[in-house]
1. Would you tally the residues in the range 237-254 being under 24 Å from residue 283 (Cα atoms) and in contact with a strand residue (DSSP E or B) (Cβ under 9 Å, 6 or more places away or on another chain)?
2. State all residues of the range 124-148 that are within 29 Å of residue 173 (Cβ to Cβ) and in a strand (DSSP E or B); if no residue qualifies, say none.
3. Hey, can you tell me all the residues within the range 249-277 that are within 17 Å of residue 209 (Cβ to Cβ) and in a loop (DSSP other than H, G, I, E, B)?
4. Out of everything in the range 278-303 that is under 25 Å from the mean Cα position of the chain (by Cα) and assigned to a helix (DSSP H, G or I), what residue ends up being surrounded by the fewest Cβ atoms within 10 Å (Cβ to Cβ)?
5. Could you please give the count of residues in the range 135-155 that are surrounded by fewer than 22 Cβ atoms within 10 Å (Cβ to Cβ), out of contact with any strand residue (DSSP E or B) (no Cβ under 6 Å at 6 or more places or on another chain) and within 15 Å of residue 324 (Cβ to Cβ)?
6. Please go through the range 171-188 and give me each residue that is crowded, with 18+ Cβ neighbours inside 10 Å and closer than 9 Å to residue 317 by Cβ, ordered by number.
């Protein structure tokens, strides 16, 4: 496969499949990324790009296969097979239908690559995280027409979903510009797509919360009830997992005082008003990071940010963002 790009600083897809040694050990991949070459079927350069973006190439490939297998349901693309000659070649332009922030272009490439049975060329016009306008070409792929059409919907489903999240996140990041507050996501993600959706948040200028239940603790109201109090819950986690970051959710200023005195270094202010957040910031006085959650909207984001909190937690970034409309247009291969 030969690749060309109109964006010189973007690495190119330079060969098909893993080949000898696989792509996960290719130049540009992180040296400490431990991946069995036999597990990865993506192109070496594409695998390296995914690693650089904080994504697992094997996971991305698995998601691509799952999406295609769901669409084919153990059969073939009957419409495409019936209407398109087997050896016909075309170029597919992934094109924005509306303005927004794009995320997931390399993932769309991965979807196409697991379908393709022949060499293909990739031309990358923009990169993940870029703002785009309606009508702008994002990515062009030239290969067998049948493969392009079979991959079309699966690739667009992921690309549109992730770009929608990135676009929504960018709106929050833009509103918060000039304050110290950053917008953060939550674990309210689509099952199986968490790493991709959190990647999209990063593309939009947001900050990731914990990726899983095991990499950080979040003491919530039900933990407090079960443990007999907010300070007790915090201490129990600290004693059991001394090296794990702990965030504690509080509903009142009294609870806030308890957990600050107990030594919490990150506290979630649940459903606090801006005025209550100001009180919380004054009470904590720099002894812990503070995150506001609940009641948040783009309309009141600045009011919350100006209270001095460090983060705004917005679950809607991943559970409610509308897609960014992106289409795929076929044209004759040059």
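1. Going through the range 237-254 one residue at a time, the tally reaches 9.
2. 124, 131, 132, 137, 138, 139, 140
3. Initially, the range 249-277 is screened for residues within 17 Å of residue 209 (Cβ to Cβ), giving 249-250, 264-270.
Across the range 249-277, the qualifying residues are 264, 265.
4. Among them, the one singled out is 302.
5. Counting residues in the range 135-155 that are surrounded by fewer than 22 Cβ atoms within 10 Å (Cβ to Cβ), out of contact with any strand residue (DSSP E or B) (no Cβ under 6 Å at 6 or more places or on another chain) and within 15 Å of residue 324 (Cβ to Cβ) gives 1.
6. Within the range 171-188, 172, 183, 184, 185, 186 qualify.
Just so you know, all these numbers are worked out from the coordinates, no wet-lab data involved. This one's a predicted model, so the numbers in the text were calculated from it and none came from an experiment. Please note: Cβ atoms are built from the backbone with ideal geometry, for glycine as well, and neighbour counts cover all protein chains shown.
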